[in-house]
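What follows is a single structure, written as structure tokens, with notes after it.
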Amino acid sequence: MVQRGWKNRRYREVITSTDIVAADAYAATFFKHPKTGKPFKPEEIKFVKNAYDLGLGEIDLSKVRVKKVTLPDESTPLRKQVFR
């Protein structure tokens, strides 16, 4: 498995949205810019910015409602806890 800068971090987060640009904009914040070490801003990701410019969705995360749901820990399969 290739880690490339992840330092064995595991994200147990699922992103779903009816606005795919907003989902990509949110996901962009998970990654750090290699020069600054700070999280990417959605407008720094070319395909996200292009999709926004084409009117395909929202890039401004302050205009998007994010609902976080706690997932079970890694020791229990998701199917058993989520789909009962």
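The values are calculated or read from the model by the stated rules, or taken from the named source; none is laboratory data. Predicted model only: the values in this text are computed from it and were never measured. Cβ atoms come from the backbone with ideal geometry, glycine included; neighbour counts cover every protein chain shown.
When K35 is tested against the conditions (1) closer than 24 Å to K68 by Cβ; (2) of a type outside the set (A, V, I, L, M, F, W, C); (3) at pLDDT below 95, the lone failure is (1). Restricting attention to the range 25-66, the residues that are within 20 Å of E13 (Cα to Cα) and touching a His at 6+ places or on another chain (Cβ under 8 Å) add up to 2. If you go through the range 44-60 and keep only what is part of a helix (DSSP H, G or I) and either small (G, A, S) or more than 14 Å from the chain's Cα centre (by Cα) (or both), you end up with E44, K46, F47, K49, N50, A51, Y52, D53.
When residues in the range 13-32 are screened for being touching an Asp or Glu at 6+ places or on another chain (Cβ under 7 Å) and over 16 Å from K67 (Cβ atoms), 1 of them pass.
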